[in-house]
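Can you keep this structure in mind? I'll have questions shortly.
The values are calculated or read from the model by the stated rules, or taken from the named source; none is laboratory data. Every value quoted in this text rests on a predicted model; they were computed, and no experiment measured them. Using ideal geometry, Cβ is built from the backbone for each residue, glycine included, and neighbour counts are taken over all protein chains shown. Just so you know, the surface numbers come from the protein's heavy atoms only, side chains and all, with ligands and any DNA or RNA stripped out. Shrake-Rupley method; radii C 1.70, N 1.55, O 1.52, S 1.80 Å.
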Amino acid sequence: MDLSEALTARGNVTCVVGAGGKKSTLYALAAQLERAVVTATVRIPPFEEQVEDVIVTDRPLEAIDSAESWPIGLVAGREGSDRYLGYDPETVDDFVADLGPETSVVVKADGARTRWFKAPNDDEPQLPTATDVVVPIASAKIVGERLDEEHVHRPERVAAITDLEPGDRITAGDVATVVASDRGGCKDVPHGATVIPLANMVDTPELEETAREIASEIHERRDVPRVVLAQLLEDRVVDVV
């Protein structure tokens, strides 16, 4: 099973949130889908190498209609040399309403500053109402690390959802608690959207065991159809639990 099938991304609006693999997920999906649009509702680093073209436009539907090669990137503007600006969720809703089922849209819907784990701020995530699939992501490598700013984005938010104190070691159960929480990975999921968590960086047999524990703990906390275990830098789905 490839990633697009595991995440039921074909023909859908798929939003990725969390930490430890959002951009890798976006670009892996874009490469697998026949007609994919990569966009964001938050800032996103330049990604010209991952798509055929990145188009800065306030008319995203026109850009999609005129595209001749895929995947494409759509962004609202540029901020300096190292970041693009995303669209507000309402703009994404507007242009996806006129797309046919042959076009898949993948959306970066929050930020994590390259950390492996996070819980969202008050104004995150930025999810369009038209979202079909929400993919909360965490790195399997975070298990055993300490709750601190080196590996965790907004550790105080993670502490508020779990029983952790700053500096405590993070367990698989802690990861699952945040991913499955309405204050964490499942925050503001639109009505009717499906949540499919993803544990990334499953690079070794030991990390696969850790990821399976995370998946089991997620299933105990929330009714999700599956949890995807992945090694996204190798574009590989390790398993679906």
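From the list Val51, Val56, pick out the single residue that is under 19 Å from Asn12 (Cβ atoms) and either exposed (fewer than 11 other Cβ atoms within 10 Å of the Cβ) or modelled with pLDDT of 95 or more (or both).
The unique qualifying residue is Val51.
Further question on the same structure: Hey, any hits in region 76-91 for a residue that's part of a loop (DSSP other than H, G, I, E, B), among the hydrophobic types (A, V, I, L, M, F, W, C) and at pLDDT 95 or above?
yes
Of all the helices (runs of 4 or more DSSP H) wholly in region 137-233, which have at least 3 residues that are closer than 20 Å to Asp123 by Cβ and open to solvent by 30 Å² or more (accessible area, probe 1.4 Å)?
155-161
Select from region 91-132 the residues that are in contact with a strand residue (DSSP E or B) (Cβ under 7 Å, 6 or more places away or on another chain) and aromatic (Phe, Trp, Tyr) and list them in ascending order.
Hits for region 91-132 are Trp116, Phe117.
Okay, next question. Just to check your reading of the model, which residue among Val228, Val134, Val143 is out of contact with any helix residue (DSSP H, G or I) (no Cβ under 7 Å at 6 or more places or on another chain) and either farther than 17 Å from Cys15 by Cα or in contact (Cβ under 8 Å) with a residue 24 or more places away in the chain (or both)?
Values: Val228 fails: out of contact with any helix residue (DSSP H, G or I) (no Cβ under 7 Å at 6 or more places or on another chain); Val143 fails: out of contact with any helix residue (DSSP H, G or I) (no Cβ under 7 Å at 6 or more places or on another chain).
Every option except Val134 fails the conditions.
Then there is this: May I ask you to list the residues in region 115-131 that are in contact (Cβ under 8 Å) with a residue 40 or more places away in the chain and not aromatic (Phe, Trp, Tyr)? Working first, answer last.
Of the residues in region 115-131, the ones in contact (Cβ under 8 Å) with a residue 40 or more places away in the chain are 115-120, 124-131.
Correct list: Arg115, Lys118, Ala119, Pro120, Glu124, Pro125, Gln126, Leu127, Pro128, Thr129, Ala130, Thr131.
I've got another one for you. Report, by residue number, each residue of region 28-46 that is open to solvent by less than 40 Å² (accessible area, probe 1.4 Å), under 22 Å from Asp88 (Cα atoms) and not in a strand (DSSP E or B).
Step one: of region 28-46, the residues open to solvent by less than 40 Å² (accessible area, probe 1.4 Å) are 28-30, 33, 36-42, 44.
Going one step further and asking which of them are under 22 Å from Asp88 (Cα atoms), we end up with 29-30, 36-42, 44.
Of everything in region 28-46, those that are open to solvent by less than 40 Å² (accessible area, probe 1.4 Å), under 22 Å from Asp88 (Cα atoms) and not in a strand (DSSP E or B) turn out to be Leu29, Ala30, Thr41, Val42.
For region 47-73, what are the residues that are closer than 14 Å to Val92 by Cβ, out of contact with any strand residue (DSSP E or B) (no Cβ under 7 Å at 6 or more places or on another chain) and assigned to a helix (DSSP H, G or I)? Let's see the steps before the verdict.
Of all residues in region 47-73, those closer than 14 Å to Val92 by Cβ come to 57-61, 63-64, 73.
Checking the rest, the ones that are also out of contact with any strand residue (DSSP E or B) (no Cβ under 7 Å at 6 or more places or on another chain) come to 58-59, 61.
Listed by number, the list holds a single entry, Leu61.
I've got another one for you. Go through region 153-167 and report how many residues are free of Cβ contacts under 8 Å to residues at least 40 places away in the same chain and aliphatic (A, V, I, L, M).
Count: 2.
Among the residues of region 84-105, is any among the aliphatic types (A, V, I, L, M), within 15 Å of the chain's Cα centre (by Cα) and over 16 Å from Val134 (Cα atoms)? Can you show your working first?
First, pick out the residues of region 84-105 that are among the aliphatic types (A, V, I, L, M): 85, 92, 96-97, 99, 105.
From what's left, within 15 Å of the chain's Cα centre (by Cα): 105.
Still in the list and also over 16 Å from Val134 (Cα atoms): none.
For region 84-105, residues among the aliphatic types (A, V, I, L, M), within 15 Å of the chain's Cα centre (by Cα) and over 16 Å from Val134 (Cα atoms): absent.
Scanning region 182-203 for residues that are of a type in the set (Gly, Ala, Ser) and more than 15 Å from Val152 (Cβ to Cβ), which turns out nearest to the chain's Cα centre (by Cα)?
Ala199
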